[in-house]
Every structure is written in structure tokens, then in C-alpha cells.
Amino acid sequence: MNYTITLTTAQDQALSYVAASQQDWIDNAATERARIAIDEIVALTVQKCLDTDTAIPGSKDAMVTLAFEQGWVKTAAQRNEEAAAAMAEMQGA
């Protein structure tokens with residue numbers, strides 16, 4: 001996947017103050033956050049597989065895919081949408 005961001009001149013200058021390479025810093029921030037999420041999903045998937053006597057996939061990528069397919073994890077957008085719907089329901093009740 002490729003993602004593009006746009007920084008203002010001030011944001012770019014500020015980032016250059018803390019990073020030798022703005023692109024490297026951005027790439028590292030995104031890949032490190034993804035790594036943390038993968039580790040969280042893998043831990044959850046192993047536990048769910050053990051709980052349901054499901055074969056544990058042989059790779060982290062396969063574990064992430066299985067977790068989404070089984071509905072064990074949802075995207076942040078899905079979780080936010082569900083939370084907003086629940087909040088609206090509580091306010092309407």
C-alpha cells in the first residue's frame with residue numbers, strides 16, 4: 001500500500017528539526033504502529049484459536065487475515081461507527 005500525506009511548509013520544517021529525513025520518520029512511524037497492531041492481533045488470534053480449537057495459522061499475515069474474517073477484530077472505523085450508534089441509541093432511549 002502507498003499512502004500520501006501533505007504537510008504545510010511549517011510542518012515540514014518542524015519535522016526536519018526532529019528528523020534527519022522526514023520521509024524516513026513518517027515511514028518508520030507508520031510501519032512501527034502497524035507492527036504493534038499486528039502483534040496485538042496475533043496475540044488475540046492465538047487465544048481465539050486455542051479457545052475454539054481452530055488451527056493456528058503459520059504466519060502473522062495469515063493470523064491478521066483470519067482475525068478479520070472471523071470478526072474477532074474490526075477496523076477502527078467500524079468500532080467508531082458502532083460506538084456512535086450505541087451512543088445515539090442511549091441518548092434516544
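The values are calculated or read from the model by the stated rules, or taken from the named source; none is laboratory data. Model, not experiment: these values are computed from the prediction. All Cβ positions, glycine included, derive from the backbone under ideal geometry; neighbour counts span all protein chains shown.
Summary of values
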quantity	calculated
Test result for Ala30, surrounded by 10 or more Cβ atoms within 10 Å (Cβ to Cβ) and not aromatic (Phe, Trp, Tyr)	yes
Residue identified as aliphatic (A, V, I, L, M), farther than 29 Å from Thr6 by Cα and modelled with pLDDT under 95 among Ala43, Ala93, Ala62, Ala67	Ala93
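Here is a yes/no grid of residues against (1) surrounded by 10 or more Cβ atoms within 10 Å (Cβ to Cβ); (2) in a helix (DSSP H, G or I); (3) out of contact with any helix residue (DSSP H, G or I) (no Cβ under 9 Å at 6 or more places or on another chain); (4) without any contact (Cβ under 8 Å) to a residue 40 or more places away in the chain:
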| site | (1), (2), (3), (4) |
| --- | --- |
| Ile38 | yes, yes, no, yes |
| Cys49 | yes, yes, no, yes |
| Gly58 | no, no, yes, yes |
| Thr65 | yes, yes, yes, yes |
| Glu69 | no, yes, yes, yes |
| Lys74 | yes, no, no, yes |
| Glu82 | yes, yes, yes, yes |
| Ala88 | yes, yes, yes, yes |
